[in-house]
Amino acid sequence: MALISIEDLAELDDEQLDNDITDNSEPMDDEEQERLYAHWQAVASTHQVSVPQEMRGPIQEMTRRNQEQEQVPFATISQHEKLGEVAYEERVYPPGKWACITKGEKLYEQSISMGFMKLMRYICKENSAGRYLGMTIPILNEVHMLEDGNGFVKEILTAYYLPAEFQDNPPEPTDPDITIVHRDALRVVTRVFFGTTTEETVMRQVNLLWELLGNTDTLHRDVYMVAVYENPGASCRRNEIWFIRRDS
């Protein structure tokens, strides 16, 4: 699955481009490669990001493997409904190893885009195993709030969960900016939302979930996570906002 954090693909008119290419596991010809790269460049430009030439290989690799994905394991603790629909739910994610990178660009969307492009290269053979590792979902973006609570700290951590095959012995990244981190079990309250993720849209989702939850001291207010699930060609991308439960 070519899950990338360069977003807004749903706003483009050439969604069929991704469908045509990802339905075919055969090697791409030169014309297909150029169309795909141009597609990514068009999306990147909406967030003031440029896709470097060295991303051509990872883009093609992940596009060909679009249907291959592994869910990060979790257990659902509870679900809470409003008007007959799930408004939010609580989950526990077990301890595990993640490949993490932190970027501090001017815009939130620039940071997550730049960070994930580096993770893509790690996933696509720039690792000590020299092989494609496999895509897991969701990709997590961890944001910290400014002291006044009115915005994000620039440094955004983007994290990729190592597939089960590599949890015991994670391949080392060739990129020194990427680190393999063992993260403890995580208990979160989650709410689904759809569309692109920018600082503005994420803050809106944070405020909406607080409205549903009311006043509570059991959840962190200084750090949140944005979980991204969908293929970039999806017309209505699925994301989640995660509130982190404090240690009891």
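Key figures
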| quantity | calculated |
| --- | --- |
| Label-point gap, in nm, between Phe74 and Lys125 - each point 7 angstrom along Cα→Cβ | 3.3 nm |
| With at most 14 neighbouring Cβ atoms within 10 Å, loop GluC sites (Glu not before Pro) (DSSP) excluded, longest segment of the chain | 156-248 |
| Accessible solvent surface per residue of the chain, calculated while the other protein chains remain in place, 1.4 angstrom probe, Å² | 48 Å² |
| Simple spin-label estimate for Trp210 and Glu165 in nanometres, 7 Å along Cα-Cβ | 4.3 nm |
| Carbon + sulfur, % of accessible area of the chain - ligands and nucleic acids excluded, 1.4 Å | 45 percent |
| Cα-based reach from Lys97 at 28 Å (exclusive), listing lysines while leaving out same-chain residues under 8 positions away | Lys118, Lys125, Lys154 |
| Cα-projected label distance for Leu83 with Thr179, points at 7 Å along beta-carbon direction, nm | 4.4 nm |
| Size of electric dipole in the range 37-97: Cβ of Lys, Arg +1 and of Asp, Glu -1, about Cα centre, debye, nearest 20 | 240 debye |
| Segment Glu34-Gln48, extension gain: residue separation times 0.36 nm, minus the distance between their alpha carbons | 3.0 nm |
| The chain: calculated mean residue ellipticity at 222 nm from DSSP helix runs of at least 4, using -39500 (n - 2.57) | -8000 deg cm²/dmol |
| Mean projected area in nm² (Cα convex hull; one quarter of hull surface) for the chain | 13.9 nm² |
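The values are calculated or read from the model by the stated rules, or taken from the named source; none is laboratory data. Every value quoted in this text rests on a predicted model; they were computed, and no experiment measured them. Note that we place each Cβ from the backbone using ideal geometry, even for glycine, and neighbour counts take in every protein chain shown. To get the accessible areas, we keep the full protein, side chains included, count just its heavy atoms, and leave off ligands, DNA and RNA. Shrake-Rupley method; radii C 1.70, N 1.55, O 1.52, S 1.80 Å.
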